[in-house]
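To keep things clear, I will list the structure first and then write my remarks on it.
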Amino acid sequence: MCASCDSSSKLLPATTKMARISFVRVNYLFLTWLTVLVGSWVFYVQYSAYTELCRGHECKNAICDKYRRGIIDGSACSSLCDKETLYMGRCLSTLPNNQVYTGSWGDHDGIIHCKLGEVVHYELGEEPEPRRETPVFDKPTRGTSVEKFKEMVFNHLKSKLGEHANLASLVSQILSVADGNRDGRVSLPEARSTWALLQMDEVLLGLLLQDRGHTPRLIGYCGDLYMTERVPYGPLYGLSLPWPLVSWVPSGLQRSMDQWFTPSWPRKAKISMGLLELVEDIFHGTYGSFLICDLTAAHFGYTDRHELRLTNTQAVVSEEEFRRTMRALKCETDADCIYGADCHTSCDLSERRCREEPFRPNLAKSCEALKDYLLRGAPSEMREELERQLYACMALKGNAGQMNMEHSLILNNLKALLWKQISHTKDS
């Protein structure tokens, strides 16, 4: 009996061990199953988002169909649709109706933009509704003379920018771009493509600013598809995370990573000089004043020579259009008078209307965006003065007295301080 007890007591640990092994296996299988399930779900969500956002083949088919029917033409049409030497590469789209891709055209690397109709969502089991068509390119109409087309362009520019003496020269510049095949004349299909491009404010503003080197150069177009040169480094500072990771990385960690991945300080100073020069050129410039209404670092990049480029001209609006928009806005508080992310005015409570005067000028917002960028790693002998000037710049208000003089003084002092520090370096 005792021997039997001893035998059973020896078997118990083995049974327990087997039970533990079985439990571990069950846990392992469950975790494996859970990992596969979650991974499949994440893959499905990301793939569904990708297929909705990235529809370059639809964009190309829609454009080339209109080109082959003789409705549109442009400098890139033949390469895109006939020779197939213009390629769409990696998808950069963040909106389904605004297709953005890296592109290659001969020796040029660029960014391709194309508009598409909105994606129509429908419930499972329902018949899908037809997707909204892209613009029909019906203007100018057949029989329109070149002089009439010039008048159309002039009036469009006037409505966007206001009355300026230099609009006629801008019209000539645009007609030069419209002559895509360089035969000395603008055909009706070329005029339709150009007119469609001019309806997009980002293209118009890109043409205005590219002469001073502030925006990527327009390489070619076909209909409302267009290609600009690629800015090799962006955003302004920091690491550009792939879009699936952006929502997973905490904002605090992203800000820290922004500071880790920056050029050397002299190069940051040169890039900052480019932003200050952009602000200077659009403040009472050739075609009036413009406001930068979103100074997010993602909207700026820089070249191999550390020259700043504004990569998203949708962040810029003419002061004429800004004032017109504000006049039409009803308000209860100042919070109702916002345009974009960074442009706002105050609310006139007596009339319940937004005032037209922007509250902060471009320079103040630019200095705020550059503060951490410039102060981190700044030479010790100039850090205190640089900080003082940046805070004086950030304090500028749009309705301050002697605004023009104060604006110019602060801008020139800041540029002089930066130039003094980097003028003797190879980065200058």
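The table below lists the values:
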| quantity | calculated |
| --- | --- |
| Neighbour-count order for Lys365, Lys160, fewest beta carbons within 10 angstrom listed first | Lys160, Lys365 |
| Over the range 328-427 - Rg/Rh using Cα atoms and the Kirkwood inverse-distance radius | 1.11 |
| Ranking of Asp107, Asp348, Asp342, Asp281 by count of other Cβ atoms within 10 Å, fewest first | Asp107, Asp348, Asp281, Asp342 |
| Distant-in-sequence amide H partners of Asn98 (H built 1.01 Å from N, under 5 Å) | Leu116 |
| Cβ charges +1 (Lys, Arg) and -1 (Asp, Glu), total dipole of the range 147-193, debye | 80 debye |
| Under 21 Å from the Cα of Lys268 - lysines, other chains or at least 8 residues apart | Lys365, Lys371, Lys415, Lys420, Lys426 |
| Proxy reagent accessibility, fewest Cβ within 10 Å first, across Tyr101, Tyr221 | Tyr101, Tyr221 |
| Loop-located trypsin sites (Lys or Arg not before Pro) in the range 68-108, at most 12 other Cβ atoms within 10 Å (DSSP) | Arg69, Lys83 |
| Contour excess over end-to-end distance, with Cα ends at Ala328 and Ser423 and 0.36 nm allotted per residue | 29.5 nm |
| Mean separation of Cα contacts under 8 Å (6+ apart) over length of the range 266-320, as relative contact order % | 39 percent |
| Euclidean distance between Cα centres, the range 339-362 to the range 164-211, Å | 32 Å |
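Bear in mind these aren't lab numbers, they're just calculated from the coordinates by the rules spelled out. Note that the structure is a prediction, hence the values are computed from the model and not measured. Every residue, glycine among them, receives a Cβ derived from its backbone with ideal geometry; neighbour counts consider all protein chains shown.
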